[in-house]
Amino acid sequence: MRTEQPKTIYLKDYQAPEYWIDETHLTFELFEDHALVHSRLNMRRNEQGAGQSLPPLVLDGQLLELVSVALDEQLLQAGDYQLDEDTLTLQPAAAAFVVAVTTRIEPQHNTALEGLYQSGKMFCTQCEAEGFRKITYYLDRPDVMSRFTTTVIASRDYPILLSNGNPVANGEEKGGRHWVTWEDPFPKPAYLFALVAGDLCLIQDSFTTMSGREIDLRIYVEPENREQCGHAMDSLKRSMRWDEEVYGREYDLDIFMIVAVNDFNMGAMENKGLNIFNSSCVLAHPDTATDLAFQRVEAVVAHEYFHNWSGNRVTCRDWFQLSLKEGFTVFRDSQFSADMNSPTVSRIEHVGFLRANQFAEDAGPMAHPVRPDSFIEISNFYTLTVYEKGAEVVRMLHTLLGEQGFRQGSDLYFERHDGQAVTCDDFIKAMEDANGADLGQFKRWYSQAGTPRLAVESRYDAAKGTFSLLFRQSCPPTPGQSEKLPQVIPVRMALLDREGKELPLQFEGEAAPVGTERVLAVAGAEQVFTFTGLTEEPLPSLLRGFSAPVKMSYPYSRDDRVFLAKNDPDGFNRWEAGQALALEMLQGMIGIHQAGRPLLLDQRLRDVFYALLTDRELDPAMVAEMLRLPSEAYMVEVSEVADVDAIHQVREWVRGELANTLADVMWPLYRDLDDGAAYSPDAGSMARRSLKNTLLSYLMLTGSQDAVDACVRQYVEANNMTDRQAALVCLVNSDFEKQKQAALADFAERWKDYPLVMDQWFSVQAACALPGGLVRVEKLLEHPAFSMRNPNKIRAVIGAFANQNLVNFHAADGAGYRFLAERILQLDPLNPQVAARLLTPLTRWRKYDAARQELMKAELARIMAASSLSPDVYEVVSKSLA
Ligand code: 0A1
Ligand code: ZN
């Protein structure tokens with residue numbers, strides 16, 4: 001916390017470090033009220049670009065009590081070094097030297113959960129991005145890579161003492177204390193350092209790598225969670241095999257550990273050999289976790305494991321390159337999830353999330369390129385743009401270069417840069433060199449912010465049998481970038497005949513057709529592609545699989561969309577057509593609703609739904625996706641001025657109409673799917689649960705006694721959390737007060753000792769759109785299971801309210817805004833990272849009507865006026881008001 005204005009850091013100012021740290025030797029003495037950290041750093045001057053005299057050594061350090069500092073074994077006195085809030089400066093006398101520092105810290109009082117902190121009774125660390133400097137003085141930057149040896153000394157109350165690498169020695173000390181020494185043979189930046197001490201139980205397994213090495217796999221959790229680790233372990237083994245098969249990447253240490261902690265700012269962290277996880281991303285048991293949670297555990301375990309190559313073996317030169325590891329790793333984990341589950345459904349879920357959330361970020365005041373040019377606080381740049389859009393950029397490379405070309409590129413990248421800290425340009429260069437490709441223009445995806453628009457038109461010339469597609473691209477201005485240049489946009493496409501069959505594709509000038517699906521690389525501001533040999537006018541199926549993160553428009557008629565929703569051979573585009581049809585209708589109806597006229601549902605949407613509900617050949621997971629209307633968040637994103645009340649009311653009215661008119665076909669399908677079968681975690685069973693629960697939520701909208709009876713029965717009889725939680729959501733959002741209260745009370749009583757399940761109980765209520773949301777949420781904050789110290793609880797209550805409960809959060813009197821601002825001000829001194837993230841909904845003020853804009857800005861201004869804001873919150877608020 002500081003009073004002067006935080007500084008902006010620019011990519012253009014990057015300079016290589018003056019010194020390297022070849023070896024880092026750490027000893028931690030953990031006590032009940034503090035910890036002592038002794039470090040010995042073997043340092044050496046960076047000869048590159050070095051002048052005559054030795055520059056001062058400036059070590060990063062924050063919130064540290066300096067106990068002692070020595071240079072080449074000489075203890076320094078106060079005048080021999082300079083100390084300020086962020087640095088310790090020494091003057092070395094030789095090009096190679098040893099610095100020894102002892103610091104005293106208080107993990108017990110570390111509520112920011114950055115550096116070394118206590119979660120419950122255990123000690124753990126979070127060092128990315130700049131947490132290591134809260135442990136000891138260091139060159140805390142990712143291009144300084146060092147070999148670490150770590151000794152942890154603690155009382156026997158902490159039987160498990162862990163750090164990166166392999167355990168090499170251990171012993172006893174007087175007074176019931178013991179120690180373990182760990183050695184990590186791979187040089188790494190400080191952000192990958194980790195330490196854990198606690199009374200944990202171990203779940204163990206093993207994995208044999210492709211070269212026949214046996215890896216010891218360990219998951220450490222608090223004893224009561226022992227039964228909830230099987231899925232994470234299976235996911236880990238699948239990830240290890242997959243990375244060998246798909247990327248040729250083998251694990252490198254003899255031991256791989258995962259530790260679950262309850263208090264964690266993010267999802268998980270890829271520390272070398274010792275991944276630390278938010279317990280919500282490890283623990284999963286059918287009784288306590290939904291199918292969605294199972295999938296999240298699988299994806300996060302894979303993501304962190306994949307970082308071992310894309311992040312750890314090859315790391316980032318500086319934090320502006322964050323997407324080098326994050327975009328690539330998210331792409332890798334999404335490929336993995338697609339391979340483990342239904343690829344189409346998995347892509348639909350990903351795209352839905354991207355469009356509702358990343359597009360909004362790209363259109364707001366915090367918009368930034370995938371590789372940002374500047375930041376105040378790097379923690380604020382672990383964003384959807386860096387992660388999700390970054391992954392889309394890598395996906396486009398994959399699409400343009402093809403599976404094999406992409407693999408050649410990634411092989412070259414890993415081989416060329418193993419053990420190095422590199423840039424996004426290095427990644428692109430490896431892709432270019434391996435493929436003889438020129439990706440010069442493609443690189444604009446890294447430097448230009450904003451979501452490109454792609455307007456497409458077509459022309460059919462019956463006489464010549466040609467069909468032309470005309471593409472026009474543009475990109476709206478974003479903060480600091482008023483003009484944009486064209487970017488390469490890969491458009492995967494096909495042309496369909498009247499039966500929906502794909503036609504052979506032949507470009508003008510080609511001797512014969514080549515295939516029925518192609519990728520058009522749209523590179524210019526305007527570009528035309530002409531196909532020949534077409535005896536009838538085709539219907540184009542464009543941007544299949546969402547082959548580029550753009551907003552595409554094509555003048556489809558409603559009938560075209562109905563046709564595509566029923567007939568496009570590409571599953572993703574079938575879904576897309578259904579969504580576009582629903583969106584167009586909903587938008588039209590919002591206008592009618594605002595004009596106070598009665599609503600009428602276009603029967604064509606009902607027809608598409610009817611076809612989906614009566615075709616038993618279709619994949620139930622796919623049907624469930626197609627029956628879901630575009631989310632309220634996405635409808636806000638595509639609105640000029642979002643009227644949240646109208647969006648909610650019209651969307652619910654349409655859902656109700658669909659339910660009332662299709663209940664006769666929904667019931668038999670629901671009953672079929674609700675077959676009382678024993679629980680199974682396989683993809684087919686998950687798909688059936690997904691469809692069943694989607695149907696239940698529609699049927700509940702009919703308000704019939706049959707529906708509420710079925711819902712209560714499902715709640716009571718469910719043999720898994722997916723079904724039970726889905727029934728609870730339906731009851732909580734219904735007017736059946738008695739049943740709702742009974743289910744909520746039962747749920748709380750049953751799961752009071754399971755914090756992650758109580759998070760669900762909190763968020764189901766916090767997200768409930770019925771009137772009176774704020775009062776309910778304020779009551780939840782009083783519940784004994786709620787805590788402002790636990791990020792998961794904050795997300796479950798305050799986050800769910802502000803992000804998912806749009807009607808209540810945006811109440812016209814501004815009470816929702818005020819509530820959020822107050823919570824942020826309360827949280828900022830405790831945990832600035834989480835406080836800054838909570839701000840997101842307020843940053844979107846430009847989307848709303850004038851009155852709401854004023855109310856939202858007033859709350860931002862109130863936060864801005866508070867004294868001692870963290871740099872985290874300061875950056876988001878000041879940019880939002882700029
Ligand atoms: N690198 C981790 C996520 C992570 C990022 C920042 C953190 O603290 C500021 C913590 C974790 C990942 O991508 O999984
Ligand atoms: Zn990551």
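Rule-based calculations on the coordinates, nothing more; no lab input. Only a predicted model underlies this, so the values are computations on that prediction, with no experimental measurement involved. FYI the Cβ positions are ideal-geometry reconstructions off the backbone, even for glycines, and counts take in every protein chain you see.
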To the nearest Å, what is the center-to-center distance of the range 424-465 and the range 173-237, using C-alpha atoms only? 43 Å
Extended-chain gain in nm, criterion 0.36 nm per residue less alpha-carbon gap, Trp653 and Glu536: 38.1 nm
What fraction of the DSSP beta bridges in the range 239-398 is antiparallel, stated in percent and rounded to the nearest 5? 25 percent
From the square roots a ≥ b ≥ c of the eigenvalues of the alpha-carbon gyration tensor of the chain, which class results: rounded (a/c under 1.5), prolate (a/b over b/c), or oblate? prolate
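Considering only the chain, what is the antiparallel percent among its DSSP beta bridges, to the nearest 5?
Counting DSSP beta bridges with both partners in the chain, the antiparallel share is about 80 percent.
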Once phi for every residue in the range 77-94 is put through the Karplus expression 6.51 cos²θ - 1.76 cosθ + 1.60 (θ = phi - 60°), the whole-Hz ³J(HN,Hα) values, with Gly and Pro written as x, are 9, 3, x, 7, 8, 10, 10, 9, 4, 10, 9, 10, 10, 10, 10, x, 10, 9
Using a/c under 1.5 as the rounded threshold, could you call the range 550-620 rounded, prolate or oblate? The axes a ≥ b ≥ c are square roots of the C-alpha gyration tensor eigenvalues, and prolate needs a/b larger than b/c, oblate otherwise. oblate
Less than 10 Å Cβ to Cβ from Arg558, Lys/Arg counted +1 and Asp/Glu -1: what total charge do the surrounding residues give? -2
Determine, for Phe786, Phe801, Phe809, the number of other Cβ atoms within 10 Å of each Cβ, and report the residues in order from fewest to most. Phe786, Phe809, Phe801
Net +/- balance of residues flanking Arg44 in space, Cβ distance below 15 Å, scoring K and R +1, D and E -1: -3
Describe numerically, in nm with one decimal, the distance between label points set 7 Å from Cα along Cα→Cβ at Val246 and at Ala94. 5.1 nm
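What ranking, highest mean first, results for peptides 812-819, 323-330 when packing means the other Cβ atoms within 10 Å averaged over each residue?
Sorting 812-819, 323-330 by mean packing, highest first, produces 323-330, 812-819.
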Could you grab the relative contact order for the chain? Cα pairs under 8 Å, six or more apart, rounded to a whole percent. 9 percent
What is the distance in Å between the Cα centres of the range 52-95 and the range 547-580? 63 Å
Cα shape, the range 19-306, gyration tensor, a/c 1.5 rule: prolate
Among Tyr413, Tyr10, which comes first, second and so on when ranked by fewest other beta-carbon atoms within 10 Å? Tyr10, Tyr413
Tell me, in nm to one decimal, what length is gained between Glu32 and Ser468 on full extension, where the rule is 0.36 nm per residue of separation less the Cα-Cα distance? 149.7 nm
Listed residues Val370, Pro187, Gln603: farthest to the positive end of the dipole of the chain (Cβ charges): Gln603
Suppose R0 equals 30 Å; then what is the FRET efficiency for Leu600 and Ser704 from their Cβ-Cβ distance, rounded to the nearest 0.05? 0.85
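Quick one: Glu32, Glu537, Glu361, Glu183, fewest Cβ neighbours within 10 Å first, how do they rank?
Going from least to most buried by this count: Glu32, Glu537, Glu183, Glu361.
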Straight-line reach from Lys740: which aspartates and glutamates have Cα under 15 Å away, leaving out those fewer than 8 places along the same chain? Asp709, Glu749
Using the crude model of +1 on Lys and Arg Cβ and -1 on Asp and Glu Cβ, and no other charge, please compute the dipole size for the range 19-306 relative to its Cα centre, in debye to 20. 320 debye
Nearest-20 debye value, the chain charge dipole, Cβ charges on Lys, Arg, Asp, Glu: 1340 debye
Which FRET efficiency, nearest 0.05, do Gln52 and Val528 yield, Cβ-Cβ r, R0 56 Å? 0.35
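Counting each DSSP H run of 4 or more residues in the chain as -39500 (n - 2.57), what helix-only mean residue ellipticity at 222 nm follows after dividing by all residues, to the nearest 500 deg cm²/dmol? Don't skip to the end; give the middle numbers.
Details: 28 runs with 345 residues, N = 882.
Helices in the chain give a 222 nm mean residue ellipticity of -12000 deg cm²/dmol.
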Amide H of Ile255 versus every other amide H placed in the peptide plane: which residues, excluding those fewer than 5 positions away on the same chain, fall under 5 Å? Asp216
Among His109, His303, Ile215, flag the residue with its Cα farthest along the positive direction of the charge dipole of the range 19-306, charges on Cβ as +1 for Lys/Arg and -1 for Asp/Glu. Ile215
Just add up the charged neighbours of Ala449: K/R +1, D/E -1, any other residue whose Cβ is under 11 Å from the Cβ of Ala449. +1
I'd like the distance separating the alpha-carbon centroids of the range 122-170 and the range 593-610, in whole Å. 60 Å
